[in-house]
Amino acid sequence: MDLQNTVKEALNALYHHPDDAVRMQADRYLQDFQRTLDAWQVADNLLHDPSSNLETLIFCSQTLRSKVQRDFEELPSTAFRPLRDSLNTLLKKFHKGPPKVRTQISIAVAALAVHVPAEDWGDGGIVKWLRDEMDSHPEYIPGFLELLTVLPEEVLNHKIAARPERRRQFEKELTSQMEVALTILTACLTISELKEQVLEAFASWLRLKHGFPGSVLSSHPLVLTALSSLNSELLSEASVNVISELIHYTAAGNIDGVSANMPLIQVIVPQVMNLKAHLSDPTKDEEDVKAIARLFADMGDSYVELIATGSDESMLIVHALLEVASHPEYVIASMTFNFWHSLQLNLTKSNEACFEAERNRRLQVFRPAYESLVSLVSFRVQYPEDYQDLSYEDLKEFKQTKYAVADVLTDAALVLGGDATLKILYMKLLEAVSGHGNTEHKEWRPAEAALFCIRAISNYVSVVEAEVMPQIMALLPKLPHQPQLLQTVCLTIGAYSKWFDSASCGLSILPSVLDILMNGMGTSEECAAAAALAFRHICDDCRKKLCGCLEGLFHIYNRTVSGEDSFKVPAEDSLHLVEALSMVVTELPPDDAKRALEALCIPVISPLQEAINQGPEILSKRPSRQLTIHIDRFAYIFRYVNHPQVVADAIQRLWPIFKAIFDIRAWDMRTMESLCRACKYAVRTSGRFMGLTIGAMLEEIQSLYRQHHQPCFLYLSSEVIKIFGSDPSCADYLKNLIEALFQHTTRLLTNIQEFTARPDIADDCFLLASRCIRYCPRLFIPSSVFPSLVDCSMVGITVQHREASNSILHFLADIFDLANSTAGEQFIPIRDSIIIPRGASITRILVASLTGALPKSRVDVVSYTLLALTRSYGMHALEWAKESVLLIPSTAVTDVERTRFLKALSDAASGGDTNGLTVPVEELSDVCRRNRAVQEIVQEALRPMELNLVNVS
């Protein structure tokens, strides 16, 4: 009683106390209480207590539902019947509500049925038990109907801590009892006020997608009731749900499934088609229209393979879907978008069964539909008149609408061809431009919408299209410079950059196009960003044409990079211009490229040199952003100017500036990341031409890493290893580098707390180690740091940081897979001398990771690592895996589950299908994570944290 009163007081405080701190304390108490064994009895007592208020009833019903789902194993085996009887009593007590409480009790009973085999409920399991209860107590039918509704829904509810085998068994039990369930529901149809509830329960059972052939369902009273309800004045939501589920039911499986269910399809389709007139009926309620549209969309999605044949009957459905697509409400129209995509895939896919002539016939049949579709969707991307007053959420929704329409236009272009689609959209653009005369206040929104659509299909328009594209490009300079319109104009120019390069008139149009982009750069930040992106596309695709226009291009570049007031290009977007000019410079001969590269660097060097000249004290206090904005431009120059010798010469000249920043700002992670990125691209582009500078660079980062532990120093070293790892002349230098870096890192990462505190170092360290295995195994594997790095990896496998954990697991897998590479084979004896003494511990940590030490999302990576270990060490590894799995108590894992896992591991390791390992691994993982108590038992048995460091003589 004391505990019950405490719970009541905590609930009262949670809902009514004015102090936030008290409410939070009450919330924590109640959450902790729900995990206790006492919660079973207290929640049950308070639900039976007539004096409990609504808040108490809702909390206790949720608690009891949660306990049955997650913690049923806490109870002794004898507790099933008393618990079932108590829940049954509560179901009867709350048969008229409150609905929230009744639903939670129903879910609790359903969860109990998932846990407990059918025979424990009596002959026929829970469904027959429920039928008997309804026969004995007809006054409680509403409560029992809710239970009948939630039962099939619990088949896929993974909150229920049932074993996978039991979950499969439960699904079979329900499927076998489907006839009984539908008989119960049919009997309940006689109670008119329960019709909605009966149909909802029927829809729920249909989601199992098993049990009844379409020929039986086509004349079933439940189906006929749902269909007759479609034609009533008040459209029933439950009947729509039933018809929707029946449509999915008939399409479950392959096309043979559809043909087997044809009797049912032939009953459903005409009835749904009769609703077509309601789509355009202005007197119809919007929710009703939405429900009808959903049925048409469901038919389209489910019967797309039949529709794609282009028969007269299927075209009736297509015309109805076009009518849905034309509905003024976007929410309704967009219900068809998935159908148009699926139909496009069906019409355009390469299918041997469908000959070329038949495919062409189908494409011709559907041309008019897709032509209509282009016109129907294109207006939906038009800015609303009040766009300036839209909230952030509304603007976000409008953008999502534009992206969705762009996808539909892509589908249309794939069916019609890009050039044909372009002609339709060009007519829309002409209407928009010519419809407003030459008034000062031209309406810009229709033109912007048409251009957005034209841009959306750019990838499908022929690069030599000569009929429409020149006319579109001639129109662009005449459009008003309204910011949103100009932004779309700029993006459209960028989207058709390949056309400018290929078209015969491309070169003559480019000057006017560049003028538009310059106007864009001076209009607004969004517009300038679009113009900068378009400039980059133009320079990328038309680089050969633009080599003769360098002076003009540099004029634009210098104005942007120097931050000239009249240009509004944001700093991040100015990188597009750096990239653009760098790609044009790549096309120049080496001597010209050298001069052009110097011109590229001048506006970037100047501010950095100025900052260095002010002295170390001022440089160290500068905000990172003031430096990284310029350093990032160097990264782009080094990345995109593809002249190795020229870039190597440039980095050699710039090295004093870089060194000064390394020395003075080594404490600053953001500046170091930016600088290391620039150096990485210099190394990647210059390769071995960088010989003179690379030594100084590596010496610098090796020295600074000891003091400042910046992960990016490891990341830069990783790039150096990739380029120079196999170069014998660099061997001594690189050996010293990797030994110094790894020795220092293993001293930093000595326990899981250090891994958690420094996940970036762990991530980059093991990425570097994997690179060493790949590119310079001869330097790395025989070195003194290799064993300590393996020990270090064992410490960190269970770090919760995703990238760090994945890098460690990939490193171990690379070690185990050493035999797969010819360069690695000679080091297998060294590897074995290090891995075999640690094998049992590594395996145990991996099994612990599979079963709960790492999140479920990491299971695939852990599985691969365990598989790689098993393939390399065969019977040794299987013995290690067996030892580890046997440590898990039988209360958590049964012998059958253990055996299935070990057999699958053995089969995969001996060359069998690795996909066969997926299900047993996932099931072992699920079983061991099925609730908190089991997960704690498993981890306590495996104790991964205690296995990290192994003393090896």
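The values are calculated or read from the model by the stated rules, or taken from the named source; none is laboratory data. Predicted model, so just to flag it, every value in this text is computed and none were measured. All Cβ positions, even for glycine, are placed from backbone atoms using ideal geometry, and neighbour counts span all protein chains on display. For accessibility, only protein heavy atoms count, side chains too; no ligands or nucleic acids. Shrake-Rupley method; radii C 1.70, N 1.55, O 1.52, S 1.80 Å.
Of these, E393, E385, which one is farther than 25 Å from F296 by Cβ, open to solvent by 40 Å² or more (accessible area, probe 1.4 Å) and not in a helix (DSSP H, G or I)?
Result: E385 is the single residue among E393, E385 that is farther than 25 Å from F296 by Cβ, open to solvent by 40 Å² or more (accessible area, probe 1.4 Å) and not in a helix (DSSP H, G or I).
Among the residues of region 292-313, write down those that are open to solvent by 10 Å² or more (accessible area, probe 1.4 Å) and in a helix (DSSP H, G or I).
R294, D298, D301, S302, V304, E305, L306, D312, E313 - these are the residues of region 292-313 that are open to solvent by 10 Å² or more (accessible area, probe 1.4 Å) and in a helix (DSSP H, G or I).
Hey, among L878, L902, which residue is under 29 Å from Q69 (Cα atoms), touching a residue at least 24 places away in the same chain (Cβ under 8 Å) and in a helix (DSSP H, G or I)?
One residue alone meets the criteria, L902.
Please enumerate the residues belonging to region 858-878 that are open to solvent by 10 Å² or more (accessible area, probe 1.4 Å), of a type outside the set (S, T, Y) and within 20 Å of V799 (Cα to Cα).
R858, D860, V861
If you check every pair at least six apart or on different chains, which have Cβ atoms under 6 Å apart with a residue in region 116-132 that is within 23 Å of R70 (Cα to Cα) first and a residue that is part of a helix (DSSP H, G or I) and open to solvent by 50 Å² or more (accessible area, probe 1.4 Å) second?
Once the first residue is within 23 Å of R70 (Cα to Cα) and sits in region 116-132, no partner that is part of a helix (DSSP H, G or I) and open to solvent by 50 Å² or more (accessible area, probe 1.4 Å) comes close enough.
Looking at region 3-36 only, could you name the residues that are assigned to a loop (DSSP other than H, G, I, E, B) and surrounded by 11 or more Cβ atoms within 10 Å (Cβ to Cβ)?
Answer for region 3-36, where residues must be assigned to a loop (DSSP other than H, G, I, E, B) and surrounded by 11 or more Cβ atoms within 10 Å (Cβ to Cβ): H17, R35, T36.
Hey, among P480, P470, which residue is open to solvent by less than 60 Å² (accessible area, probe 1.4 Å) and in a loop (DSSP other than H, G, I, E, B)?
Among P480, P470, only P480 is open to solvent by less than 60 Å² (accessible area, probe 1.4 Å) and in a loop (DSSP other than H, G, I, E, B).
Tell me, yes or no, whether region 52-66 has at least one residue that is more than 23 Å from V927 (Cβ to Cβ), outside any helix (DSSP H, G or I) and not acidic (D, E).
Checked against the condition, which is being more than 23 Å from V927 (Cβ to Cβ), outside any helix (DSSP H, G or I) and not acidic (D, E), region 52-66 yields at least one hit.
Taking the conditions exactly as written (surrounded by fewer than 22 Cβ atoms within 10 Å (Cβ to Cβ) and of a type outside the set (G, A, S)), does I694 satisfy them or not?
no
From the set of residues in region 486-522 that are part of a helix (DSSP H, G or I), among the polar types (S, T, N, Q) and in contact (Cβ under 8 Å) with a residue 12 or more places away in the chain, which is farthest from L451 (Cα to Cα)?
The selected residue is S502.
Sort out which residues of region 764-785 are touching a His at 6+ places or on another chain (Cβ under 8 Å) and among the polar types (S, T, N, Q), and write them in order of number.
Listed by number, the list holds a single entry, S770.
For R653, all conditions in the list (1) over 24 Å from D760 (Cα atoms); (2) in contact (Cβ under 8 Å) with a residue 40 or more places away in the chain; (3) assigned to a helix (DSSP H, G or I) hold save one; what is the number of the exception?
(2)
Working carefully through the options S176, S136, find the one that is at pLDDT below 90, surrounded by fewer than 17 Cβ atoms within 10 Å (Cβ to Cβ), more than 29 Å from the chain's Cα centre (by Cα) and hydroxyl-bearing (S, T, Y).
Matching residue, one of S176, S136: S176.
Residues E610, E598, E526: which one is assigned to a helix (DSSP H, G or I) and without any contact (Cβ under 8 Å) to a residue 24 or more places away in the chain?
E610
So which pairs qualify, if the first residue must be in region 160-189 and over 21 Å from F144 (Cα atoms), the second must be in a loop (DSSP other than H, G, I, E, B) and among the hydroxyl-bearing types (S, T, Y), the Cβ gap must be under 8 Å, and the two must be at least 6 apart or on different chains?
So the pair list comes out as R163/T894.
For region 512-526, does any single residue satisfy the condition of being more than 30 Å from P483 (Cβ to Cβ), at pLDDT 90 or above and open to solvent by 40 Å² or more (accessible area, probe 1.4 Å)?
Checking region 512-526: not a single residue is more than 30 Å from P483 (Cβ to Cβ), at pLDDT 90 or above and open to solvent by 40 Å² or more (accessible area, probe 1.4 Å).
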